[in-house]
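This report concerns only the one structure given below.
The values are calculated or read from the model by the stated rules, or taken from the named source; none is laboratory data. Remember, it's a predicted structure, so these values are computed and weren't measured experimentally. As a convention, Cβ positions derive from the backbone with ideal geometry for all residues, glycine included, and neighbour counts pool all protein chains shown.
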Amino acid sequence: MSEPLVIIGNGMAAARLVEELGRQALGRYAVLVVGAEPHLAYNRVLLSSVLAGEMTGAETELKPRSWWEAQGVTLVYGRRAVAIDRDHHEVVLEDGARLPYAKLVLATGSDPIRLPKPGMDLPGVVAFRDHGDVDAMLSAAGPATRAVVIGGGLLGIEAAWGLAATGTRVTLVHLMDRLMERQLDAEAASLLKAALETRGITVLLGADTAAVEGESCVEAVRLTDGRVLPCDIVVSAVGIRPNGTLAREAGLAIGRGVIVDDRMTTSDAAIHAIGECAEHRGTCYGLVEPAYAQAATLARHLAGRPAAYEGTVLATNLKVSGVPVFSAGDFLGAAGDEIVIWRDPGLATYRKLVLRDGALAGAILFGETADAPWYLDLIRSGRPLDRLRDAVIFGPALAEAA
């Protein structure tokens, strides 16, 4: 008999786990996926493309329903899991239904952080996290609409770009002195700011939100320096936090996220966690690649094979608002490191490499990122550059021919 395996969460991590189980533990488990959203699993990275009108919501689906059926997976979507009964090995749904499990996987993702500022609960304030948020933005968007996006990280920039593509007049407000400060240095961030401004987006850096103002709906955003930004919609994109509510209420070990070991197992041997909700060796990853690596590790473990996830060297390789951007490793550098930079102002391209002890420790590419996989492999392997050293800034074609 197949063991009942319940996955809570219908996102990208859950979909990859089902795919990996099909490869490594076919027939061993009867898999049931519970999702609060009334959608098949979809690629959240593509939501900005839906907002910009470049694709439909249906095109973001990771797998068609027929694929899930072919995997033998039971889908329970549009019904929220509200509790885990560890004594009886059951998941409790909001309608009172109880689902038995032999193994349980938490893939509950993250929740958007809402700034603790006055007015953030007014109608017209939305996050940028799911299809519902995109629908709310699209219903308000247009040339007559003024939008303020709070947050200059990846999500905020994507929201600003998507809204601008609808003709909406957008102001992007960011607390820090540069955009995407976790992924870019000052020069790359300045190039990104210029790219956004050429698309009609007003970018305000070092700007702290004091309050969202309005009577029955959003009317303006007031900054701490006294400036008032009239608007019809506010998008809060200031970050995410791991969704560990179910785990916490069930008595599992919690840090910033659900604490797991190298086999993605929680403090309860029957319960596992992967993706944005999981905390591994003190780190919560908010990116897709670590979630996929964790899913592969857990599938091997559930198949009874040796498995260990040892962490992921973070890398960002995305097309931010139509501009290719890549960063990985320690791209800021430290004392004693060698910094190599190549820039072409005419093409608005920029490369920065950080060399440490004869190896590549970090990299930023802006405007042209075709060589990103090669640089990422050098960073992750830690192998000495040796003869590649003198031409490594120019990419593999020239460096390996040198």
*Residues of region 218-241 being over 17 Å from the mean Cα position of the chain (by Cα) and over 14 Å from Lys117 (Cα atoms), which ones?*
Glu219, Asp225, Gly226, Arg227, Val228, Leu229, Pro230, Cys231, Asp232, Ile233
*Being outside any helix (DSSP H, G or I) and not small (Gly, Ala, Ser) is the filter here, so list the residues in region 363-399 that pass it.*
Ile364, Leu365, Phe366, Glu368, Thr369, Asp371, Arg383, Pro384, Leu385
*Is it the case that some residue within region 239-253 is buried (at least 24 other Cβ atoms within 10 Å of the Cβ), closer than 29 Å to Trp161 by Cβ and in contact (Cβ under 8 Å) with a residue 12 or more places away in the chain?*
yes
*Kindly indicate whether any position in region 101-113 is within 26 Å of Ala220 (Cβ to Cβ), in contact (Cβ under 8 Å) with a residue 40 or more places away in the chain and surrounded by fewer than 16 Cβ atoms within 10 Å (Cβ to Cβ).*
yes
*If you take the residues of region 321-347 that are crowded, with 20+ Cβ neighbours inside 10 Å and part of a loop (DSSP other than H, G, I, E, B), which of them is modelled with the highest pLDDT?*
Phe331
*Please work out if Thr266 is buried (at least 18 other Cβ atoms within 10 Å of the Cβ), outside the structural domain of Ala140 (by TED's automatic domain parsing) and either within 21 Å of Leu155 (Cβ to Cβ) or modelled with pLDDT of 95 or more (or both).*
yes
*asked:* Being in a helix (DSSP H, G or I) and buried (at least 19 other Cβ atoms within 10 Å of the Cβ) is the requirement here; does Val50 meet it?
replied: yes
*Name the strands (runs of 3 or more DSSP E) wholly inside region 80-169 in which the number of residues that are more than 30 Å from Ala186 (Cβ to Cβ) is 1 or more.*
81-85, 90-93, 98-100, 103-106, 110-112
*Residues of region 349-380 satisfying the condition of being over 24 Å from the mean Cα position of the chain (by Cα) and exposed (fewer than 14 other Cβ atoms within 10 Å of the Cβ)*: Asp357, Gly358
_Against the conditions (1) over 30 Å from Asp111 (Cβ atoms); (2) not in a helix (DSSP H, G or I), where does Leu318 fall short? Just the number, please._
(1)
*Could you grab the pairs with beta carbons closer than 8 Å, sequence gap of 6+ or different chains, first residue in region 374-402 and within 15 Å of Glu338 (Cβ to Cβ), second one of a type in the set (Asp, Glu)?*
Leu388/Glu400
_Out of everything in region 30-86 that is in contact with a Pro (Cβ under 7 Å, 6 or more places away or on another chain) and modelled with pLDDT under 95, what residue ends up being nearest to Gly132 (Cα to Cα)?_
Gly78
